[in-house]
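One structure below.
The values are calculated or read from the model by the stated rules, or taken from the named source; none is laboratory data. Predicted model only: the values in this text are computed from it and were never measured. Here the Cβ is made from the backbone with ideal geometry for all residues, glycine too, and neighbour counts use every protein chain on show.
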(Lines give C-alpha, C1' and ligand atoms only; values in the text may rest on other atoms or scores of the structure.)
Protein backbone atom coordinates (compact mmCIF):
# COMPACT_ATOMS: atom_id res chain seq x y z
CA UNK A 1 0.00 0.00 0.00
CA UNK A 2 1.31 3.45 -0.90
CA UNK A 3 1.89 5.93 1.93
CA UNK A 4 -0.80 8.59 2.51
CA UNK A 5 -0.56 11.72 0.36
CA UNK A 6 1.95 14.17 1.80
CA UNK A 7 3.83 11.53 3.81
CA UNK A 8 6.55 10.91 1.24
CA UNK A 9 9.78 12.93 1.36
CA UNK A 10 9.53 14.84 -1.91
CA UNK A 11 11.84 17.33 -3.53
CA UNK A 12 15.56 17.30 -4.24
CA UNK A 13 18.07 17.30 -1.37
CA UNK A 14 20.54 20.07 -2.18
CA UNK A 15 21.69 20.99 1.32
CA UNK A 16 21.97 19.18 4.64
CA UNK A 17 22.98 19.99 8.21
CA UNK A 18 24.66 17.32 10.32
CA UNK A 19 24.29 16.93 14.09
CA UNK A 20 26.75 14.54 15.72
CA UNK A 21 27.12 13.00 19.13
CA UNK A 22 30.26 13.64 21.18
CA UNK A 23 33.22 13.02 18.85
CA UNK A 24 35.11 9.75 18.92
CA UNK A 25 36.93 7.51 16.46
CA UNK A 26 33.68 5.82 15.38
CA UNK A 27 31.91 9.14 14.85
CA UNK A 28 34.83 10.56 12.84
CA UNK A 29 34.83 7.50 10.58
CA UNK A 30 31.10 7.82 9.87
CA UNK A 31 31.41 11.58 9.32
CA UNK A 32 34.18 10.83 6.82
CA UNK A 33 31.97 8.36 4.95
CA UNK A 34 29.11 10.84 4.95
CA UNK A 35 31.38 13.63 3.70
CA UNK A 36 32.63 11.44 0.85
CA UNK A 37 29.08 10.46 -0.14
CA UNK A 38 27.84 14.07 -0.04
CA UNK A 39 30.87 15.38 -1.92
CA UNK A 40 30.23 13.00 -4.81
CA UNK A 41 26.69 14.41 -5.21
CA UNK A 42 27.33 18.14 -4.97
CA UNK A 43 25.21 18.56 -1.82
CA UNK A 44 26.02 21.52 0.44
CA UNK A 45 26.69 20.51 4.04
CA UNK A 46 26.78 22.34 7.37
CA UNK A 47 28.37 20.49 10.28
CA UNK A 48 27.22 21.35 13.79
CA UNK A 49 29.93 22.86 15.95
CA UNK A 50 30.66 20.69 18.97
CA UNK A 51 30.90 23.16 21.86
CA UNK A 52 29.57 23.69 25.37
CA UNK A 53 26.04 24.19 24.03
CA UNK A 54 25.95 20.89 22.13
CA UNK A 55 27.48 19.00 25.04
CA UNK A 56 24.74 20.50 27.27
CA UNK A 57 21.96 19.30 24.96
CA UNK A 58 21.51 22.49 22.95
CA UNK A 59 22.59 22.96 19.33
CA UNK A 60 24.54 25.68 17.58
CA UNK A 61 22.53 25.21 14.37
CA UNK A 62 20.03 27.92 13.49
CA UNK A 63 17.85 26.24 10.89
CA UNK A 64 15.37 29.13 10.79
CA UNK A 65 18.09 31.57 9.67
CA UNK A 66 20.10 29.07 7.64
CA UNK A 67 17.54 26.66 6.14
CA UNK A 68 18.51 23.31 4.69
CA UNK A 69 16.60 20.50 3.01
CA UNK A 70 17.45 17.85 5.59
CA UNK A 71 19.04 17.48 9.03
CA UNK A 72 21.03 14.28 9.57
CA UNK A 73 21.59 13.14 13.17
CA UNK A 74 24.60 10.85 13.59
CA UNK A 75 24.36 9.15 16.97
CA UNK A 76 21.63 7.60 19.07
CA UNK A 77 18.21 8.80 20.15
CA UNK A 78 19.75 11.59 22.24
CA UNK A 79 21.45 13.08 19.18
CA UNK A 80 18.20 12.87 17.22
CA UNK A 81 16.31 14.63 20.03
CA UNK A 82 18.82 17.48 19.95
CA UNK A 83 18.45 17.71 16.18
CA UNK A 84 14.66 17.70 16.49
CA UNK A 85 14.73 20.75 18.77
CA UNK A 86 16.82 22.55 16.13
CA UNK A 87 14.06 22.19 13.50
CA UNK A 88 11.05 23.14 15.68
CA UNK A 89 9.01 25.75 13.85
CA UNK A 90 10.33 24.71 10.43
CA UNK A 91 9.38 22.06 7.86
CA UNK A 92 12.88 20.58 7.73
CA UNK A 93 12.82 16.78 8.28
CA UNK A 94 15.26 14.90 10.52
CA UNK A 95 17.00 11.68 9.51
CA UNK A 96 18.50 9.61 12.31
CA UNK A 97 21.49 7.33 11.66
CA UNK A 98 22.08 5.04 14.63
CA UNK A 99 25.60 4.93 16.07
CA UNK A 100 24.36 3.93 19.52
CA UNK A 101 22.87 0.80 21.06
CA UNK A 102 19.10 1.27 20.81
CA UNK A 103 18.33 3.97 18.25
CA UNK A 104 14.57 3.54 18.61
CA UNK A 105 13.82 6.73 16.65
CA UNK A 106 16.52 6.40 13.99
CA UNK A 107 15.90 5.25 10.40
CA UNK A 108 18.86 2.89 9.93
CA UNK A 109 22.27 1.97 11.42
CA UNK A 110 25.58 3.39 10.22
CA UNK A 111 26.35 0.09 8.49
CA UNK A 112 23.57 0.98 6.02
CA UNK A 113 24.58 4.65 5.67
CA UNK A 114 25.15 4.81 1.91
CA UNK A 115 22.21 2.52 1.09
CA UNK A 116 19.85 4.51 3.31
CA UNK A 117 20.97 7.88 1.96
CA UNK A 118 20.47 6.68 -1.62
CA UNK A 119 16.89 5.73 -0.71
CA UNK A 120 16.32 9.17 0.81
CA UNK A 121 17.58 11.23 -2.13
CA UNK A 122 15.91 8.80 -4.53
CA UNK A 123 12.48 9.81 -3.19
CA UNK A 124 11.73 6.52 -1.44
CA UNK A 125 11.76 7.81 2.16
CA UNK A 126 8.63 8.46 4.19
CA UNK A 127 7.85 11.11 6.80
CA UNK A 128 6.29 10.61 10.21
CA UNK A 129 4.76 13.79 11.64
CA UNK A 130 5.43 13.75 15.40
CA UNK A 131 3.88 16.43 17.57
CA UNK A 132 6.07 18.05 20.19
CA UNK A 133 5.47 19.74 23.52
CA UNK A 134 6.07 23.34 24.49
CA UNK A 135 6.71 24.25 28.13
CA UNK A 136 6.82 27.64 29.82
CA UNK A 137 7.60 28.55 33.40
CA UNK A 138 5.07 30.66 35.28
CA UNK A 139 6.47 32.47 38.30
CA UNK A 140 9.72 34.09 39.37
CA UNK A 141 11.77 32.45 36.60
CA UNK A 142 9.31 33.27 33.85
CA UNK A 143 11.01 34.78 30.81
CA UNK A 144 9.00 36.02 27.84
CA UNK A 145 9.81 33.95 24.78
CA UNK A 146 11.73 31.35 26.79
CA UNK A 147 9.88 28.27 25.60
CA UNK A 148 11.18 24.76 26.03
CA UNK A 149 10.46 22.23 23.28
CA UNK A 150 10.42 18.46 23.65
CA UNK A 151 9.94 15.62 21.21
CA UNK A 152 10.06 13.02 24.00
CA UNK A 153 9.21 14.43 27.41
CA UNK A 154 9.29 17.21 29.97
CA UNK A 155 10.10 16.09 33.52
CA UNK A 156 9.54 18.04 36.73
CA UNK A 157 11.57 16.64 39.61
CA UNK A 158 13.51 17.55 42.71
CA UNK A 159 16.94 19.14 42.53
CA UNK A 160 19.91 17.60 44.27
CA UNK A 161 19.32 14.48 46.38
CA UNK A 162 16.57 12.13 45.24
CA UNK A 163 13.59 12.44 47.55
CA UNK A 164 9.82 12.35 47.52
CA UNK A 165 8.17 15.72 46.89
CA UNK A 166 4.54 16.92 46.80
CA UNK A 167 3.20 18.01 43.40
CA UNK A 168 -0.12 19.45 42.28
CA UNK A 169 -1.47 18.76 38.81
CA UNK A 170 -3.89 20.98 36.85
CA UNK A 171 -5.44 20.41 33.40
CA UNK A 172 -6.93 23.11 31.17
CA UNK A 173 -6.26 26.81 30.72
CA UNK A 174 -7.73 30.09 31.93
CA UNK A 175 -11.04 29.81 33.77
CA UNK A 176 -11.32 26.20 32.61
CA UNK A 177 -8.16 25.14 34.45
CA UNK A 178 -9.10 22.38 36.89
CA UNK A 179 -7.08 20.77 39.65
CA UNK A 180 -6.68 17.06 39.06
CA UNK A 181 -5.13 16.43 42.45
CA UNK A 182 -1.96 16.38 44.52
CA UNK A 183 0.40 13.49 45.11
CA UNK A 184 3.85 12.77 46.50
CA UNK A 185 6.43 11.31 44.15
CA UNK A 186 10.01 11.66 42.93
CA UNK A 187 8.62 13.81 40.11
CA UNK A 188 6.31 13.61 37.10
CA UNK A 189 6.88 12.95 33.39
CA UNK A 190 4.83 14.73 30.73
CA UNK A 191 5.45 12.75 27.55
CA UNK A 192 4.41 12.72 23.91
CA UNK A 193 3.43 9.44 22.23
CA UNK A 194 6.96 9.47 20.77
CA UNK A 195 8.33 9.70 24.32
CA UNK A 196 5.94 7.08 25.69
CA UNK A 197 8.54 4.38 24.89
CA UNK A 198 11.29 6.23 26.77
CA UNK A 199 11.44 7.42 30.41
CA UNK A 200 7.65 7.28 30.80
CA UNK A 201 7.56 3.58 29.87
CA UNK A 202 10.35 2.83 32.34
CA UNK A 203 8.30 4.56 35.04
CA UNK A 204 5.24 2.42 34.29
CA UNK A 205 3.50 4.59 31.71
CA UNK A 206 1.57 3.19 28.73
CA UNK A 207 2.97 2.74 25.23
CA UNK A 208 1.15 5.09 22.85
CA UNK A 209 1.11 4.65 19.07
CA UNK A 210 2.66 7.81 17.53
CA UNK A 211 -0.44 8.66 15.48
CA UNK A 212 -2.48 9.11 18.69
CA UNK A 213 -2.25 12.75 19.77
CA UNK A 214 -2.16 13.02 23.55
CA UNK A 215 -0.03 13.94 26.56
CA UNK A 216 0.96 11.11 28.89
CA UNK A 217 1.26 12.10 32.57
CA UNK A 218 3.36 9.55 34.46
CA UNK A 219 4.22 10.08 38.15
CA UNK A 220 7.71 8.86 39.07
CA UNK A 221 7.63 6.41 41.98
CA UNK A 222 4.44 7.86 43.55
CA UNK A 223 4.10 7.35 47.28
CA UNK A 224 0.61 5.91 46.87
CA UNK A 225 -0.95 2.88 45.19
CA UNK A 226 -3.86 5.08 44.07
CA UNK A 227 -1.80 7.27 41.73
CA UNK A 228 -1.59 5.96 38.16
CA UNK A 229 -0.58 7.42 34.78
CA UNK A 230 -3.06 9.65 32.95
CA UNK A 231 -3.59 10.18 29.22
CA UNK A 232 -4.70 13.75 28.47
CA UNK A 233 -5.97 15.10 25.12
CA UNK A 234 -3.30 17.01 23.22
CA UNK A 235 -5.67 19.99 23.06
CA UNK A 236 -5.33 20.57 26.83
CA UNK A 237 -2.68 22.36 28.87
CA UNK A 238 -1.11 20.50 31.78
CA UNK A 239 0.53 22.40 34.63
CA UNK A 240 2.64 21.11 37.51
CA UNK A 241 3.42 23.04 40.69
CA UNK A 242 4.67 22.12 44.14
CA UNK A 243 2.56 23.22 47.12
CA UNK A 244 5.72 23.18 49.26
CA UNK A 245 6.97 26.80 49.59
CA UNK A 246 10.52 25.58 50.24
CA UNK A 247 10.66 23.02 47.43
CA UNK A 248 13.68 22.95 45.13
CA UNK A 249 12.77 21.62 41.71
CA UNK A 250 13.97 21.68 38.14
CA UNK A 251 12.53 20.86 34.75
CA UNK A 252 14.43 18.61 32.33
CA UNK A 253 13.59 18.50 28.62
CA UNK A 254 14.29 15.32 26.63
CA UNK A 255 16.83 14.35 29.29
CA UNK A 256 19.16 17.11 28.08
CA UNK A 257 18.06 20.71 28.68
CA UNK A 258 17.58 21.83 32.30
CA UNK A 259 15.95 24.82 33.98
CA UNK A 260 15.88 25.55 37.73
CA UNK A 261 12.47 26.26 39.27
CA UNK A 262 12.00 28.78 42.06
CA UNK A 263 9.59 27.90 44.91
CA UNK A 264 6.07 28.50 43.66
CA UNK A 265 6.97 28.26 39.96
CA UNK A 266 4.65 26.22 37.74
CA UNK A 267 5.60 24.37 34.58
CA UNK A 268 2.83 24.69 31.98
CA UNK A 269 2.97 22.21 29.11
CA UNK A 270 0.96 22.36 25.89
CA UNK A 271 1.12 21.12 22.35
CA UNK A 272 3.62 22.86 20.06
CA UNK A 273 1.97 24.10 16.88
CA UNK A 274 4.53 22.66 14.44
CA UNK A 275 5.20 18.90 14.31
CA UNK A 276 8.65 17.41 13.78
CA UNK A 277 9.08 15.33 10.65
CA UNK A 278 11.08 12.15 11.18
CA UNK A 279 12.40 10.27 8.16
CA UNK A 280 11.94 6.53 7.89
CA UNK A 281 12.40 3.97 5.14
CA UNK A 282 9.64 1.81 3.61
CA UNK A 283 8.97 -1.28 5.68
CA UNK A 284 10.04 0.39 8.93
CA UNK A 285 6.99 0.45 11.22
CA UNK A 286 6.35 1.36 14.85
CA UNK A 287 5.25 -2.14 15.83
CA UNK A 288 8.15 -3.74 14.00
CA UNK A 289 10.57 -1.48 15.85
CA UNK A 290 8.77 -2.23 19.12
CA UNK A 291 9.25 -5.96 18.63
CA UNK A 292 12.79 -5.76 17.32
CA UNK A 293 14.31 -3.19 19.66
CA UNK A 294 12.22 -3.46 22.85
CA UNK A 295 11.40 -7.17 22.53
CA UNK A 296 7.71 -6.33 23.05
CA UNK A 297 5.34 -9.33 23.04
CA UNK A 298 8.10 -11.63 21.85
CA UNK A 299 6.83 -15.15 21.39
CA UNK A 300 7.92 -17.97 23.74
CA UNK A 301 11.01 -19.93 22.69
CA UNK A 302 10.36 -22.82 20.35
CA UNK A 303 10.52 -26.32 21.76
CA UNK A 304 14.00 -27.78 21.43
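Screening residue 99 on (1) surrounded by fewer than 21 Cβ atoms within 10 Å (Cβ to Cβ); (2) in contact (Cβ under 8 Å) with a residue 12 or more places away in the chain shows it passes everything except condition (1). Pairs meeting the criteria (first residue in the stretch 204-231 and in the same structural domain as residue 284 (by TED's automatic domain parsing), second residue at pLDDT 95 or above and surrounded by fewer than 21 Cβ atoms within 10 Å (Cβ to Cβ), beta carbons under 7 Å, at least 6 apart or on different chains) are lacking.
For the stretch 51-79, taking the residues that are at pLDDT below 85 and in contact with a strand residue (DSSP E or B) (Cβ under 7 Å, 6 or more places away or on another chain), the one that is nearest to residue 100 (Cα to Cα) is identified as 57.
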